[in-house]
1. Could you work out, for the stretch 52-141, what percent of all Cα-Cα pairs fall into each 5 Å distance bin, beginning at 0 Å and stopping at the bin that holds the largest distance?
2. Is the C-alpha gyration tensor of the stretch 1-96 telling us rounded, prolate or oblate? Criteria: a/c under 1.5 is rounded; beyond that, a/b larger than b/c is prolate, otherwise oblate.
3. Compute the accessible area per residue over the chain, keeping the other protein chains in place, probe 1.4 Å, unit Å².
4. Could you tell me, in Å, what Rg and Dmax come out for the Cα atoms of the chain?
5. Using protein chains only and a probe of 1.4 angstrom, how many square angstrom of His160 are accessible, to the nearest 10?
6. Return the equivalent ellipsoid semi-axes of the stretch 100-152 as a descending list in whole Å, where each equals the square root of 5 times an eigenvalue of the C-alpha gyration tensor.
7. Go through 98-110, 61-73, 133-145 and give me the packing order, highest mean Cβ count within 10 Å leading.
8. Rounded to the nearest 10 Å², what accessible area does Ser48 show when all protein chains are kept and the probe is 1.4 Å?
Amino acid sequence: MLRTVNRVAIGLVGLVLLAVGAAVLAVGLGAPPPSWWIHDGKRDVLLSTAERTHWRDETWWWPAVIAALALLVLLALWWLIADLRRRRLGEVLVDTGDGAGALLRGRALEGVLNGDAARLDGVAHARTHLIGRRDAPEARVRLTLEPHVDPADALDHLTHQSLAHARDSAALPALPAEVRLKTAKHPAERVS
C-alpha cells in the first residue's frame, strides 16, 4: 500500500512540475500565454517590485516563510529517507561452522518460506518478508486461510514446520516471526 501511495505521489508531483515547466518554457520562447497564466509575456518578471516588498514590514512574514520552507525541507527529507530505506533483508549470514560463513539471498529464503507455508493444509496464500539484520533476521508472514481452517492449527504448523525448517536450514539460532492471518473470501453456498 505504501509503495502505491509513494508512486502515485511521485507521479503527481512529476506531472505538475512537468506541466509548469513546459508552460514557463513555452511562454519564455514566445508562445502566447494562456488565459489563466499569471504573467503577460516573456519579459514579465515572476515577482514585481511591489509584490516583493509588500510584506517586508510585517513582523510575522519572514518567520512564516522560513517555517514553511523548513517544513517543506523536512517533509522532503522524510520522504527521501523513507524511500531509500530498505525494508527487506537482502541477504542472511549463514554460519557454516568453519568461521567464514556464507551469504544466503533473502529472497531465496522468503521463497522457501512462502512455498512451505502455502503447502500447509488450508492455506490459500502465503507471503513472507525478511527484515532485521543479516545475522539476526526476522520474518513477517501473512497467511490467507480457507474458511474451514482453525487458525491455531495453521499457526502451529507454520511455527513447527515452515519456520523451524527455515531456521534449521540456514543454521540460525532463532527466527522470530510476526504472523498475520486472514480468511480467504469465498462465494456464498446455495442450497437447492
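1. 3, 11, 13, 11, 10, 9, 8, 6, 6, 5, 5, 6, 4, 2, 1
2. Working: a/c = 4.06, a/b = 1.79, b/c = 2.26.
Taking the square roots of the gyration eigenvalues as a ≥ b ≥ c, the stretch 1-96 is oblate.
3. Normalised by residue count, the accessible surface of the chain is 76 Å².
4. So, for the chain, Rg and Dmax equal 28.2, 82 Å respectively.
5. Per-residue accessible area (His160): approximately 130 Å².
6. On the way: eigenvalues 140, 23, 12 Å².
Taking √(5λ) for each eigenvalue gives 27, 11, 8 Å, largest first.
7. 133-145, 98-110, 61-73
8. Accessible surface of Ser48 is approximately 40 Å².
The values are calculated or read from the model by the stated rules, or taken from the named source; none is laboratory data. Note that the coordinates shown come from a computational prediction; the quantities given were computed from them, not determined experimentally. Positions of Cβ are generated from backbone atoms using ideal geometry, with glycine treated the same way; all protein chains shown enter the neighbour counts. Protein only, heavy atoms only, side chains kept; ligands, DNA and RNA dropped before computing areas. Shrake-Rupley method; radii C 1.70, N 1.55, O 1.52, S 1.80 Å.
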